[in-house]
Structures are given as C-alpha cells and as structure tokens.
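The values are calculated or read from the model by the stated rules, or taken from the named source; none is laboratory data. As the structure is a computational prediction, the values presented were derived from the model and not from experiment. Every residue, glycine among them, receives a Cβ derived from its backbone with ideal geometry; neighbour counts consider all protein chains shown. Areas reflect the complete protein model, heavy atoms only, side chains present, ligands, DNA and RNA absent. Shrake-Rupley method; radii C 1.70, N 1.55, O 1.52, S 1.80 Å.
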Amino acid sequence: MNVVNSPNHAKASFVPFKVGFEGQLTPDILVYGNYATAYKDPAINLAALQATPVRTERVRSFEAGAKTSFLNHRLQINAAIFHSIYNDLQLSQLIGTVATLVNAPKAEINGAEAEIVATPATGLQLRANIGYLDPKIRQFSNGATIPGPVAGPLQNLAGKQLPNVAKVSLNLGIDYKFEPIDGYVARLGGEYSYKSRIYFNEFNTALISQTPVGLFNATASFGPASERFKAFFYINNITDRTVQTGVNVFTGLVGASRAVNYLPRRSFGTGLSFSF
C-alpha cells in the first residue's frame, strides 16, 4: 500500500492458517480443538489526511469444545471455550484535533459459549445461546477527547474493556411449524436477544456506551407445504427500545461533542417470497 503524496508506505505479508483435531468419543459426543491465525492489513484514515499507515493487526486464537446429542437427537448441547491474543490491534486515537488510526500493542479476549437446541414436540423447536467474553486491553495509552481543540493527558488503559464488545450475550428463540389446512404450512417464530453494556471507546466512558438491553422480534409465514412460495410477516424491536449501535466523539472545533448511530425503532414488514 502506498500513501498518495507521501514517502510513507507499508507492506503486509502474512499467511493465515488453522490447524486442529476432532474426535468422536461416542456416536453422540464429538470433541474438537483448533489453533488459528488471522490478520488485518495496514491502513490509514484518509478522512483525517493521515500519512503514516498503522502496522498489520494480528490475532492468534485457541478454541476447544464439544458437540453432543441426546434423546434420539431431540436435544443438542454444544459448548466451547476460546482465547484470542491480539497484537497491534488497530484503534482510533485523537492526536491534537485529528482522529487517526494507531496500534494498541496488546489485547486479548477470553470467552465461553453454550448452545442448546431442543425439539420437545413435532414442529416445535426451542433455542438458547449464551456467551461470556472477557475482552481486555493489555497494553495501550491514549488521551481522552474533551470539549475543546485538544485531547486530554495520556492514560494507561491496560485492563479496560475493548470497545464494541459486550461481555454477556443471550439469545432465546422459539419456532413452531404446523399445518392449519391440509397441504399448507404455517410457521411462527419469536426471538429475544440480550447484550450487556457495550462501550464505544477504549476509556469505558459510561456516557459513550449502550446500557444493557434486550430486544424482542417475531416472524410468521404461511404457504403450501412444498414451500415454493409463502407469505411472511415480521416485526422487529417489538418493545420499541432506543438502542445505540455506535458513537463517534469529536472535538469542539467541528461544533459537536459526539454523533450517535441508532438501531431502528419498532419496525415491521410483510411480503411474498418465491423459490425457483
């Protein structure tokens, strides 16, 4: 990558790979483990006229888990634990009055998740998925944005929660398929999703975060048993919650302290779908 009108440049040469194993302990229990690497190319913030690219972001991930089935496949339970190590994580840093991309030397995410899928009756499926993450910055310093043209003094952010990552997530779902009329199938579905507090900056500022929130969605469809076509209806964010999905912080020079992005409020739709 070459930066226009700048002598600075960056080259990335990285071959990601994944190795692992899996073993079928019994016909209904499979265990596995793997190690994988990934990377993100060097980058610049063109909007800020940044001339110096940041270094390649690299991640190493370890994962181990099990997939199980019980009651003649009417109950499935899957679980996994993982550990991810980030080097040169690409983050935004305010330098003077300009937000530029920089590298956070070290960060990591430790976590675990479990998934349960049950079919207690014909046509009825219940789902549950819960995850816990411990996403932390291990080495990075930055100056917080304050009203005015300059950033605050550098702060040691080791131990802070990584931005845009929730520690706890939960998803519950239900689907029911039945034939109200011979030859025609109806489907009803509902979903609840929950996320704990998400910070939108590495300083873990409460004002620049989304508090814990849960959302309800629902779907319905009806059509021939062949499912070649169907009529459907959906409604999202049933309780009409206000949910932030991102916050950008600016200095006083641009006339605003922050810009907020929101999830759509309660929305619904209907339509027809065809399969050929």
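Is the range 43-60 home to any residue that is among the aliphatic types (A, V, I, L, M), closer than 23 Å to Leu133 by Cα, at pLDDT 90 or above and open to solvent by 40 Å² or more (accessible area, probe 1.4 Å)?
no
For Glu179, indicate whether it is touching a residue at least 24 places away in the same chain (Cβ under 8 Å) and surrounded by 15 or more Cβ atoms within 10 Å (Cβ to Cβ).
No: the conditions fail for Glu179.
Taking the range 90-120 only, how many residues are closer than 17 Å to Gln161 by Cα and either at pLDDT 80 or above or in contact with an Asp or Glu (Cβ under 7 Å, 6 or more places away or on another chain) (or both)?
Here the count works out to 12.
Residue-by-condition table, conditions (1) open to solvent by less than 70 Å² (accessible area, probe 1.4 Å); (2) among the acidic types (Asp, Glu); (3) free of Cβ contacts under 8 Å to residues at least 60 places away in the same chain:
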site: Leu154; (1), (2), (3): no, no, yes
site: Ser169; (1), (2), (3): yes, no, yes
site: Ala186; (1), (2), (3): yes, no, yes
site: Glu191; (1), (2), (3): no, yes, yes
site: Lys195; (1), (2), (3): no, no, yes
site: Phe200; (1), (2), (3): yes, no, yes
site: Leu207; (1), (2), (3): no, no, yes
site: Val213; (1), (2), (3): yes, no, yes
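For the range 226-242, state whether one or more residues are touching a Pro at 6+ places or on another chain (Cβ under 6 Å), assigned to a loop (DSSP other than H, G, I, E, B) and either modelled with pLDDT under 95 or open to solvent by 30 Å² or more (accessible area, probe 1.4 Å) (or both).
Looking through the range 226-242, none of the residues is touching a Pro at 6+ places or on another chain (Cβ under 6 Å), assigned to a loop (DSSP other than H, G, I, E, B) and either modelled with pLDDT under 95 or open to solvent by 30 Å² or more (accessible area, probe 1.4 Å) (or both).
Can you tell me which residues in the range 50-62 are closer than 11 Å to His83 by Cβ and out of contact with any Ser or Thr (no Cβ under 9 Å at 6 or more places or on another chain)?
none
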